[in-house]
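Reading through the structure tokens given below for one structure.
The values are calculated or read from the model by the stated rules, or taken from the named source; none is laboratory data. This one's a predicted model, so the numbers in the text were calculated from it and none came from an experiment. Using ideal geometry, Cβ is built from the backbone for each residue, glycine included, and neighbour counts are taken over all protein chains shown. Quick note on the areas: whole protein, heavy atoms, side chains included, nothing else; ligands and nucleic acids left out. Shrake-Rupley method; radii C 1.70, N 1.55, O 1.52, S 1.80 Å.
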Amino acid sequence: MAHLTESRLIPSTDWKENFRPNDADRYAAYASAFEAIQTRKNKKFGPGRALHRKQIIAATAKLEVLSNLPEFASNGLFVEPRTFDVVVRLSNGGMDKASDRKPDIRGFSLRVLGVKGDSALGMGPAKSQDFTLINQEKFAFPSSDEFVGFVVAASQGGAALFKYLFKRYGFVGGMRRVLSMAKTMKKPFGGFTTETMYSCVPMACGPFAVRVRLVPAETNSNVTATALGTDANFGADFSARIAQQDLAWDLQLQPFVNEVITPIEDASVNWTTPYVTVARLSMPKQQVDSPQGKALSEEVEADVFDPWQALAAHRPLGDVQRARKVVYYQSQKGRGAA
């Protein structure tokens, strides 16, 4: 029995994506829906992203790829030991520039520079390898259709959102969604230096498929900066910590093994295969509020962080990722970044 259990956890290349005939039309419709939301929010807040509009911190870092990695991990960015320059963007996930006290999804995006290889978009050499991570271990919805419906309804206010949930899922299903959503949003967030971040959705790793996780080092908790409670200010907390000490995280990959345990297309399933550390992200002490830090912040705010801005070896996989390709590009155009 032990042998059978272990065999189910062996990384496999036998994954596949399920494309639908109407994918292009669906994704174009999603992009139009997000464009309408972004246009409304731009009038209120100025040009910005459709989601993750509020940038909290921009910083520089290094990513050190480790040696002797397992076969499933030793591809693309991780094919050999090397150190890369990295730009980091921390954000709140919402459509508004709201207070950090408001429950929200938190985003931790990396732009790994100096990569070599073909682009995932098939447009010549890759500009960078981007990772877009959040503080949730799995995606809240199995498909892009449900996610887009939720966001469009939420953009119209609480009443519209509840109406959408009950109409789409029925009374019992709607209540389950409401309770699940409340549980997710009320989950305490201790700050960007101490919370684990996840990709939630898969990407290729050469012939394999993986999910990504960023785990903070215990030493990140050595400095007590700003108390995070009802007066949470994640930017002040992070700024205080990075001004006093270097920070570090382990970048880990989690392999696909089969469609039951690690499905490619159902983003709501939390994979249970073990993670392996493949690189270390180190962020040296820096003053993010200095003139140089503020200049970097402006540059990052105008820049692109996109999972499809990637090496072909790390092409995003699954319906949610394919929808992202179209929606992100439309959002980039909506703020003049594309």
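Positive-end ranking of 236, 60, 305 along the dipole of the chain, with charges on Cβ about the Cα centre, is headed by 236.
Between the amide H of residue 309 and those of 130, distances stay under 5 Å, these residues lying 5 or more places away or on another chain, with hydrogens modeled in the peptide plane.
Charging the Cβ of each Asp and Glu at -1 and of each Lys and Arg at +1, and nothing else, the dipole of the chain about its Cα centre rounds to 1240 debye. Normalised by 2.2 N^0.38 Å, where N is the number of residues, the alpha-carbon radius of gyration of the range 1-92 equals 1.72.
Rolling a 1.4 Å probe over the protein heavy atoms leaves residue 49 with an accessible area of roughly 20 Å². Note on residue 116: lysines with a C-alpha under 18 Å away, same-chain residues under 8 apart excluded, are 62, 127.
Backbone geometry of the range 201-213 corresponds, through the Karplus equation with coefficients 6.51, -1.76 and 1.60 at θ = phi - 60°, to 3J(HN,Hα) couplings of 10, x, 9, 6, 9, x, x, 9, 10, 9, 10, 10, 9 Hz, x marking Gly and Pro. For the range 160-201, the calculated P(r) over all alpha carbon pairs, in 5 Å bins from 0 to the bin holding the longest distance, is 5, 20, 18, 18, 13, 13, 9, 3 percent.
Among all the lysines, which ones have a C-alpha under 28 Å from residue 183's C-alpha, if same-chain residues fewer than 8 places away are not counted? The qualifying lysines are 41, 54, 97, 102, 138, 163, 167.
Working from the Cα coordinates of the range 74-223, the gyration tensor eigenvalues give, after taking √(5λ), semi-axes of 33, 20, 14 Å in decreasing order.
With the convex hull drawn around the C-alpha atoms of the chain, the volume per residue stands at 152 Å³. Of the three principal axes defined by the Cα atoms of the range 253-338, the extents in descending order read 51, 34, 23 Å.
Helical runs assigned H by DSSP (4 residues or longer) give the chain a calculated mean residue ellipticity at 222 nm of -10500 deg cm²/dmol, each run adding -39500 (n - 2.57) before division by the residue total. Amide H contacts of residue 262 (H built 1.01 Å from N, in plane; Pro and chain starts excluded): 257 sit under 5 Å, all sequence-distant by 5 or more or on other chains.
Put simply, the amide H of residue 118, placed in the peptide plane, has neighbours under 5 Å in 126, 312, leaving out anything fewer than 5 places away on its chain. Quick one: check the C-alpha center-to-center distance for the range 52-94 versus the range 118-191, whole angstrom. That distance is 23 Å. Only protein heavy atoms count here; under a 1.4 Å probe, residue 166 has an accessible surface of about 60 Å². Near residue 187, once Lys and Arg are set to +1 and Asp and Glu to -1 for all other residues with Cβ below 11 Å from its Cβ, the sum equals 0. The residue list 21, 117, 50 was ranked by how far each Cα lies along the charge dipole of the range 1-131 toward its positive end, using unit charges on Cβ atoms, and 50 comes out on top. Its residue count N fixes a reference of 2.2 N^0.38 Å for the range 64-147, and the Cα radius of gyration divided by that reference is 1.38.
May I ask which residue of 10, 92, 74 lies farthest towards the positive end of the charge dipole of the chain, with charges of +1 (Lys, Arg) and -1 (Asp, Glu) on Cβ and the Cα centre as origin? The one lying farthest along the dipole's positive direction is 92. Shown in residue order for the range 69-85 are the 3J(HN,Hα) couplings computed by the Karplus curve 6.51 cos²θ - 1.76 cosθ + 1.60 at θ = phi - 60°: 7, x, 4, 5, 9, 7, 8, x, 4, 9, 6, 8, x, 5, 10, 10, 6 Hz (x for Gly and Pro).
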